[in-house]
DNA sequence: AGCTAGGGTTCAAATAATGAACCAATAAGC
DNA sequence: GCTTATTGGTTCATTATTTGAACCCTAGCT
């Protein structure tokens, strides 16, 4: 395991904690040695990624991510541009909407707009979602070319609920359906009782830059409603694309090849999702 | 140099770039070997901290910081709570206002509210500010106890302009002035022609959690105006403190000792700013 | 006063990072 | 259309960093 991976793992562990942990908590939760944990925390603190409360000696996320997030959003706005569209989707569907971006081999939720219902799906901003088990993840996968999909098929597909697609065939079937409809659905595939539909947000070259998903409780949302939500999500995704990149959308690069064809052609590879 | 430090350095380098760099650009800018640079970028990409454009092969900041920033702001709101106060300060002073948080041995600008003047000070969100040369930095330093100040005095004080305080005595003098007035000023100490005044935002225990600063062009802002701005900034800082932590503010821990006294007493130290 | 738990530290052993030289593909020049 | 320069990406013996069991220190408890 690379040192950076360990540091990132520690950061993720800290992000997942419900309450501010002490050194021992962090070591336990991350499964690393106390000395290692501390060295890393100190180093991360030097750069503002974590902070230690001077009095309680507990650790928390620092301000550096806030700073980097500002820079990222300024150069490459996504969360901020997408927010009003997410609100619009909440207005038309009545259910909670979340927007995610690819981050390594998962999707990072970067924006959430809550439903007004008292009984609603609650999504933590910042949650990391698996690709094969969520509507968002499926929508993302459905835009990838065969070469890029291999990495996902190569890893074991965790079953989060009975409805999770765990076989390669099942997964392929769902992706094909998604490509046909323009959106993907998950009927409790990640958490039982949570129905969701999602569409990918593509860039000018046809690559998925993120996803937008509607999620509601099974009690209120049935298959028919889910299909309706999916269509709305796909529609909003198109609007978001226009807002982000104007109206032109080719799906091909300047050589007239589609993007994943280029990726397959060359031997030296760009960083792949693994 | 630790591996984490190198990775963070790379992230900062990427954040400072005005345009999306290629691998060679990154290696040159960071002063690291090409192989090392690439290994780190790949590893950082795995966790979504950087992204590589699949077509141009150039690198950019990823979405992971956006995700972590959401979590941080949810648990420990600062940028979001402070924003309306910053706007208020722009309204009363007419000049650009920025809010920063300590991040390692510098301050990270986490929020900026621009002046309405055409000729105004422009501050990039996400900029890292040195402690000894900016009004914000001085305001921050002026809240520290002698033990914590040592680290700053130990490092050489870079002269950014002729007005930068570069001697320990000069710096001490400015900090004393700051403690007396409740705000610090910088007359072009970081960038010539930029006048600024800043006040620290303290937590319930009297530790600086951030700073709020007003900055205007020397053409329009003289010493007298700066003092006025400083007083306003200090006033707003008190309002921010009330919004963040209610009305009680002791400046002492539960043993009745001030925080830095505690820090001095113990031999094993909390993570210090160095 | 003694005990316990958690934060923090040490140093020989184990592991990961390094970078000069390399290949491959694209872009620039002729 | 061919040659060269540039840039992205990779390799592997060498080198430097990271590791963790055992340790110390302080605060809080009985």
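Using the Cα gyration tensor of segment B:9-68, with a ≥ b ≥ c the square roots of its eigenvalues, what is the shape: rounded (a/c below 1.5), prolate (a/b larger than b/c) or oblate (neither)? It is rounded, given that a/c, with a ≥ b ≥ c, falls under 1.5. Prolate is the label for the protein assembly as shown, because a/c, from the alpha-carbon gyration tensor with a ≥ b ≥ c as root eigenvalues, is 1.5 or above and a/b exceeds b/c.
Oblate is the label for segment B:77-265, because the ratio a/c of its alpha-carbon gyration tensor axes (a ≥ b ≥ c) is 1.5 or higher and a/b is not greater than b/c.
In chain A, the longest principal axis of the Cα atoms and the axis of helix A:34-46 are about 70 degrees apart. Going from the fewest other Cβ atoms within 10 Å to the most, the residues A:89, A:144, A:157 appear in the order A:157, A:144, A:89. When both segment A:165-225 and segment B:76-155 are represented by their alpha-carbon centers, they are found 43 Å apart. Label-point distances for residue A:168 to the equivalent site in the other copies, using a point 7 angstrom along Cα→C-beta, read 6.9 nm when ranked shortest first. Note on B:100, A:2: ascending count of other Cβ atoms within 10 Å places them as A:2, B:100, the fewest first. Between the Cα long axis of helix B:223-245 and the first principal axis of chain B there is an angle of about 80°, rounded to the nearest 10.
Label points for residue A:23 are taken 7 Å from Cα along Cα→Cβ. From this copy to the others they lie 4.0 nm apart, shortest first. Annotation for residue B:116, label-to-label distances across the other copies: 3.3 nm (shortest first, one decimal, point 7 Å from Cα along Cα→Cβ).
Cβ-to-Cβ counts within 10 Å put A:239, B:136, A:63 in ascending order as A:239, A:63, B:136, the fewest first. Quick one: angle between helix A:168-181 and the longest Cα principal axis of chain A, in degrees between 0 and 90, rounded to 10, please. Taking the Cα atoms of chain A, the angle to A:168-181 is about 60 degrees. For peptide A:14-22, the mean count of partner chain Cβ atoms within 10 Å of a residue's Cβ comes to 2.
Would you please give the FRET efficiency between residue A:191 and residue A:227, computed as 1/(1 + (r/R0)^6) with r the Cβ-Cβ distance and R0 = 25 Å, to the nearest 0.05?
Calculated transfer efficiency: 0.80.
If contacts are Cα pairs under 8 angstrom and at least 6 residues apart, what is the relative contact order of chain A in percent? Averaging sequence separation for qualifying contacts and normalising by length gives 14 percent for chain A.
Quick note: the coordinates plus some simple rules give every number you see, no bench work behind them. Keep in mind the model is a prediction, meaning the values are calculated, not measured. For neighbour counting, all protein chains shown are included, and Cβ atoms are generated from backbone atoms with ideal geometry for every residue, glycine included.
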